[in-house]
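Worksheet for the structure shown next.
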Amino acid sequence: MSLTTDHLESVYEQVISRNPGEDEFHQAVREVFDSLHPVLADHPQYVEASVLERICEPERQITFRVPWVDDDGRVQINRGFRVQFNSALGPYKGGLRFHPTVLAGTVKFLGFEQTFKNALTGLPIGGGKGGADFDPKGRSEAEIMRFCQSFMTEAYRHIGYDLDIPAGDIGVGGREIGYLFGQYKRIAGRWESGVITGKGITWGGSLVRKEATGYGTVYFTDHMLRATGRSFDGAKVLVSGSGNVAIYAIQKIQELGGVVLGASDSSGSVYDPDGIDLNLLRRIKEAQRGRISEYVEKRDRAEFLEGRNVWAVAEKSDVDIALPCATQNELDADDAAKLIKAGVVAVAEGANMPTTPEGYRVLREAEVLFGPGKAANAGGVATSALEMQQNASRDTWSFDYTDTRLSEIMENIHSACAETAAEYGREGDYVTGANITGFLRVADAVIAQGVI
């Protein structure tokens, strides 16, 4: 092995030994390291300054108890997390996830990914992530409020406009953000709107924030397609999930002329050969907080695939484009093979690390265009940063202006990834381009700021 390979493997082994059992974190580190061989060969200063070791170790990890009282008067205990991963480029920025599967390793992998994703936006924000092993599903409004208030009672001392700015993620939408911000304001005794993003439009929020991750994923995918002479017009598309990211990705795909054949939730997926009726899907998932199985009750030709992910639709129809927008490791090698057989030409990650390493290898070997999450789904955090700018200037931008800013950021991310990949002899490899671009921006800032 070369000295570069030796160094990468040595640091990776350190990551595994120092973070036992945190497989998702190991996976995220491995995926970045696999792109860095030519960078370290050309820039030995990163090895000499121990940059890899430094960016793999969070600057701060916070774990805390979240006690709250349910509607039956019983005390419940959950565990809260905040990982402030890297502040080389700015204050920590990243969402909160409320889901029963959240563990320290989950938050750590998300914070690691967030560091490079935020770097790709070109905005002055570092990387962080947080959450709790609390499930809002099935809980009353009062229970969710009491949980959020208890969570913020501890978290407030660790966040701030110039320190750490959380936002929403899975299980944390506008309702939860409202309760969290209200408790922060109550404890801090001041209106500090820039301390959290994803707020309501009438009290410091930004237009396009709800749509941003879905829109941004489609904007990035559209640039990938156009670089190879393709477009969404007439394309058959699968989108996993049915939350904000999926819903607004579907909306933008339809605006660009694509036909979305399937969507999903944790109970299964739907296949609609006539194209997903977005208004119906939104009514079920947003207004009624229902299950996606209810969709087929209103659409004669639609099918519900119980317990199956949306990639199963590839067994029933041709598929041109796939956007995994649900959760990590949802698209594996078997799913990738189904998509390839169905004719897929592009996959872009609307969720964080939704493709397994094996799934990615299958897609790469078939030369499928692939947009990694740290690039393709950066629109959400980019618009959060735009919300911070509006808060700082006590201003509110129009939907069209904010959407234009988002579109420009996603175009810049695509260009940076494409140009970097070509510079390192990997033209069209957006994974390599995103990893190297993000790494260089963070690494240079780390070195410039000394040993801290």
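No value in this document is a laboratory result; all are computed from the given coordinates. Nothing here was measured: the structure is a model prediction, and the numbers come from that model. Because the Cβ atoms are built from the backbone with ideal geometry, glycine has one as well, and the counts that use them run over all protein chains shown.
Summary of values
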| item | result |
| --- | --- |
| For the chain, calculated [θ]222 nm from helices alone, where every DSSP H run of n ≥ 4 adds -39500 (n - 2.57) | -14000 deg cm²/dmol |
| J(HN,Hα) series, the stretch 316-323, from Karplus relation 6.51 cos²θ - 1.76 cosθ + 1.60, nearest Hz, glycine and proline x | 10, 8, 5, 9, 9, 9, 10, 10 |
| Per residue, the convex hull volume that the Cα atoms of the stretch 1-149 enclose (Å³) | 122 |
| Restraint check, LYS93/LYS199; LYS137/LYS210; LYS236/LYS316; LYS236/LYS298; LYS117/LYS252; LYS185/LYS252, Cα-Cα greater than 24 Å | LYS185/LYS252 |
| Whole-angstrom gap from the stretch 133-195 to the stretch 269-322, using each part's C-alpha centre | 32 |
| Alpha-carbon Rg with Dmax, taken over the stretch 212-373, Å | 14.1, 42 |
| Relative counts (whole %) of C-alpha pair distances in the stretch 88-174, using bins that are 10 Å wide | 17, 48, 28, 7, 0 |
| Cα gyration tensor, the stretch 3-55 - rounded (a/c under 1.5), prolate or oblate | prolate |
| Built amide H within the under 5 Å cut-off of VAL172, gap 5+ | PHE98 |
| Amide H contacts under 5 Å for VAL345, placed H, 5+ residues apart | ILE321 |
| Highest average packing first - 196-203, 77-84, Cβ atoms within 10 Å | 77-84, 196-203 |
| Among beta bridges that DSSP assigns inside the stretch 212-373, antiparallel share in %, nearest 5 | 40 |
| Computed label-point distance, nm, for sites GLU192 and ASN279 using a 7 Å Cα→Cβ extension | 4.5 |
| Rounded FRET efficiency, nearest 0.05, which uses the C-beta distance separating THR101 from ILE16 and R0 of 22 Å | 0.55 |
| Sequence-separation-based contact order of the chain, relative, with Cα cut under 8 Å and 6+ spacing, percent | 15 |
| Neighbourhood charge, 14 Å Cβ-Cβ cut-off, centred on ALA326 and excluding it, Lys, Arg +1 and Asp, Glu -1 | -3 |
| Computed over the stretch 281-324, Kirkwood Rh from alpha-carbon pairs, angstrom | 11.9 |
| Principal semi-axes in Å for the stretch 277-410 [√(5λ), Cα gyration tensor, largest first] | 31, 23, 12 |
| Label-to-label distance, nm, for residues given as GLN288 and ASP72 (7 Å Cα→Cβ offset) | 2.9 |
| Two-site label geometry, PHE399 and ALA366: point separation in nm, points 7 Å out along Cα→Cβ | 3.7 |
| FRET efficiency, 1/(1 + (r/R0)^6) with R0 51 Å, evaluated for ASP34 and ARG301 via beta carbons | 0.75 |
| Label zone at SER317 (point 7 Å along Cα-to-Cβ), backbone N below 19 Å, the stretch 196-238 | 218, 231-238 |
